[in-house]
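Undergrad: I'd like to ask some things about the structure below.
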Amino acid sequence: MILSHNTLIVMLGCALLGVAAGAVGCFALLRGRALMADAMGHAALPGVVGAAIVSALMGWDPRALPPLLLGGTVAGGLGLWAVQGLSATRIIRQDTAIAVVLASFYALGVVGLSVVQVLPGVAQAGLSHFILGQAATMRAEDAWAAGALALFCVLAVLALFPRLTALCFDAEFAALQGLRVAWVDAALLGLILLVCVAGLPAVGLVLVVALLVLPAATARLLNRRLPGMFATACAVGGASGLLGAMISAGHEGWPTGAAVVLVGVAFFVSALLVRGR
Amino acid sequence: MTAPMQLRGLTVRYGEQLAVRDVSWSVPSGLVAIIGPNGAGKSTLLKAALGLIPHEGEALFFGQPLDAVRHRVGYLPQRQSVDWDFPATALDVVCMARQPRSRWWGRLPAAERAAARAALAEVGLQDLADRPIGQLSGGQQQRVFLARCLAQQADLLLMDEPLAAVDAATEREIIRVLRRLVEGGRSVVAVHHDLASVPHVFQHALMLNVRSVAAGPVAEVFTPETIVKTYGAPVAA
């Protein structure tokens with residue numbers, strides 16, 4: 001198989017995205033935020049649709065990612081705020097709040113998708129790719145953006161490492177020691193939101209949570225301590241992105257997101273077998 | 001001398017329910033027990049005093065609000081309050097108590113790690129320092145938590161059921177550590193559930209059932225009447 005320049009860019013972009021997801025996923029998993037990440041990914045859809053409408057009305061290129069991702073971030077953040085607000089009332093449980101928010105934002109997005117198809121320009125934006133992911137359209141600047149994201153996520157997690165560790169192991173004890181737990185928790189949620197939204201175009205909102213969970217879960221099986229788990233998760237995330245993009249490029253019509261996730265599952269199952277012996 | 005901890009009108013509500021009602025208590029130095037039946041608000045009282053849950057009233061430590069003397073107050077939460085499957089060794093957990101003494105980023109300095117190791121040795125776990133916490137027995141996990149509390153090197157240690165669900169040997173070991181702390185001039189306040197061991201472990205006690213039933217030296221307050229009053233007849237809220 002000969003890898004074209006375009007395929008190489010896609011592979012690089014997906015690998016870097018995987019590294020970012022692995023880095024953030026470790027703490028997302030230890031803090032029990034997997035469901036929350038799923039909700040944020042789904043909640044981003046109406047924001048993407050809204051941003052596409054604005055782009056079309058302003059006469060911008062409807063395929064340009066920055067406005068779409070900005071819209072996704074705002075909507076994902078709103079979804080997060082809604083989950084936190086609903087759970088804080090203590091009238092409903094957090095998992096119920098997550099399910100309600102995930103479903104309602106996603107349904108809104110799907111209805112929006114079919115409505116905006118009639119708008120000139122929007123139909124070509126390929127918005128439905130945000131659901132299952134389509135990395136093949138990734139351009140060089142998108143790969144650079146993924147690289148910047150990965151660097152930022154890894155550095156942010158490294159800078160906050162002791163704080164995040166203290167938060168995830170025993171938040172009350174950390175608070176007593178003077179750690180501003182609410183801020184660290186918000187920073188972690190922000191990083192999770194960032195990875196979810198950045199992963200939308202390539203992996204899609206349905207599977208983006210797997211990008212966070214699989215490398216971290218694989219790394220947990222193979223490591224007894226957090227620093228090793230972190231390094232392994234980054235490596236497994238990167239490898240999943242790289243191999244998944246390569247496999248999807250070699251098979252016409254295979255969605256990249258699904259290929260990346262299946263590679264991640266293969267890593268996870270292998271780790272399970274290694275641990276089981 | 002100012003009291004290590006002073007509570008003034010501490011009240012905690014869970015919705016309509018009063019979990020702790022108007023407790024004012026000046027905690028003396030020494031080994032002090034908080035005693036009461038399930039649901040009496042013992043753990044809640046500690047958490048409220050430490051500002052971990054919403055409450056009314058105030059708590060002073062060494063005459064000052066907690067923020068001014070955080071480093072002088074240590075805490076041992078209940079063992080079930082954390083996930084013991086966390087990817088960390090016994091030493092990693094104890095090191096968390098030393099983190100704020102240096103900084104909240106980068107590697108923990110060697111001196112801080114050494115202090116954490118010393119705390120593990122104090123509870124007899126020096127040989128298990130590098131073992132993942134998930135592979136420790138319940139009693140060993142309890143001692144890791146005790147070591148983390150010791151590593152805070154606080155003058156007042158608030159402990160939530162330090163002797164819960166441990167075997168007899170671990171219980172003796174923990175009591176030995178608590179006595180040594182008090183001999184070294186520290187104060188220990190422990191939520192305690194085993195009535196039989198109260199007189200020969202603790203010097204002072206607070207008998208709690210939502211309200212404070214009695215407080216003072218064990219010889220004075222740990223009497224059949226107050227025990228019945230604390231456990232037998234529920235105190236009207």
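The values are calculated or read from the model by the stated rules, or taken from the named source; none is laboratory data. What you see is a predicted model; the values in this text were computed from it and never measured. Note: ideal-geometry Cβ built from the backbone for every residue, glycine included; neighbour counts use all protein chains shown. Protein only, heavy atoms only, side chains kept; ligands, DNA and RNA dropped before computing areas. Shrake-Rupley method; radii C 1.70, N 1.55, O 1.52, S 1.80 Å.
Undergrad: Evaluate segment A:157-175: report whether one residue or more is over 17 Å from residue B:100 (Cβ atoms), small (Gly, Ala, Ser) and either touching a helix residue (DSSP H, G or I) at 6+ places or on another chain (Cβ under 7 Å) or at the interface with chain B (Cβ under 8 Å from one of its Cβ atoms) (or both).
TA: Restricting attention to segment A:157-175, the residues satisfying the condition of being over 17 Å from residue B:100 (Cβ atoms) are A:157-158.
Checking the rest, the ones that are also small (Gly, Ala, Ser) come to none.
No, segment A:157-175 contains no residue that is over 17 Å from residue B:100 (Cβ atoms), small (Gly, Ala, Ser) and either touching a helix residue (DSSP H, G or I) at 6+ places or on another chain (Cβ under 7 Å) or at the interface with chain B (Cβ under 8 Å from one of its Cβ atoms) (or both).
Undergrad: Answer yes or no as to whether residue A:181 is open to solvent by 10 Å² or more (accessible area, probe 1.4 Å), closer than 13 Å to residue A:132 by Cα and either of a type in the set (A, V, I, L, M) or modelled with pLDDT of 90 or more (or both).
TA: no
Undergrad: For segment A:228-275, which residues satisfy the criterion of being free of Cβ contacts under 8 Å to residues at least 12 places away in the same chain, in a helix (DSSP H, G or I) and open to solvent by 70 Å² or more (accessible area, probe 1.4 Å)?
TA: A:273
Undergrad: Answer yes if at least one residue in segment A:130-147 is within 14 Å of chain B (Cβ to nearest Cβ), among the hydrophobic types (A, V, I, L, M, F, W, C) and open to solvent by less than 20 Å² (accessible area, probe 1.4 Å), and no otherwise.
TA: Keep residues of segment A:130-147 that are within 14 Å of chain B (Cβ to nearest Cβ), which gives none.
No; the residues of segment A:130-147 include none that is within 14 Å of chain B (Cβ to nearest Cβ), among the hydrophobic types (A, V, I, L, M, F, W, C) and open to solvent by less than 20 Å² (accessible area, probe 1.4 Å).
Undergrad: Answer yes or no: is there a residue in segment A:215-227 that is open to solvent by 30 Å² or more (accessible area, probe 1.4 Å), more than 14 Å from chain B (Cβ to nearest Cβ) and assigned to a helix (DSSP H, G or I).
TA: Taking every residue of segment A:215-227 in turn, none turns out to be open to solvent by 30 Å² or more (accessible area, probe 1.4 Å), more than 14 Å from chain B (Cβ to nearest Cβ) and assigned to a helix (DSSP H, G or I).
Undergrad: Among the residues of segment B:137-159, what is the count of those that are in a helix (DSSP H, G or I) and touching a Pro at 6+ places or on another chain (Cβ under 8 Å)?
TA: Qualifying residue count for the region: 3.
Undergrad: Residue by residue through segment A:75-126, note down the ones that are assigned to a loop (DSSP other than H, G, I, E, B) and open to solvent by 70 Å² or more (accessible area, probe 1.4 Å). Working first, answer last.
TA: Initially, segment A:75-126 is screened for residues assigned to a loop (DSSP other than H, G, I, E, B), giving A:89-93, A:117-121, A:126.
Listed by number, the residues that qualify are A:89, A:90, A:91, A:93, A:117, A:118, A:120.
Undergrad: So if I check each of B:119, B:111, B:115, which one is away from chain A (no Cβ under 14 Å), modelled with pLDDT under 90 and within 24 Å of residue A:224 (Cα to Cα)?
TA: Of the residues listed, the single one that is away from chain A (no Cβ under 14 Å), modelled with pLDDT under 90 and within 24 Å of residue A:224 (Cα to Cα) is B:111.
Undergrad: Could you tell me whether segment B:65-77 includes any residue that is touching an Asp or Glu at 6+ places or on another chain (Cβ under 6 Å), open to solvent by less than 20 Å² (accessible area, probe 1.4 Å) and within 12 Å of another protein chain (Cβ to nearest Cβ)? I'd like the intermediate steps shown before the answer.
TA: In the first step, residues of segment B:65-77 are kept if they are touching an Asp or Glu at 6+ places or on another chain (Cβ under 6 Å); the result is B:72, B:77.
Filter again for open to solvent by less than 20 Å² (accessible area, probe 1.4 Å), leaving B:77.
With the extra rule that they be within 12 Å of another protein chain (Cβ to nearest Cβ), the set shrinks to B:77.
Taking every residue of segment B:65-77 in turn, at least one turns out to be touching an Asp or Glu at 6+ places or on another chain (Cβ under 6 Å), open to solvent by less than 20 Å² (accessible area, probe 1.4 Å) and within 12 Å of another protein chain (Cβ to nearest Cβ).
Undergrad: Can you confirm whether segment B:110-122 contains a residue that is in contact with a Ser or Thr (Cβ under 8 Å, 6 or more places away or on another chain), free of Cβ contacts under 8 Å to residues at least 24 places away in the same chain and open to solvent by less than 50 Å² (accessible area, probe 1.4 Å)?
TA: yes
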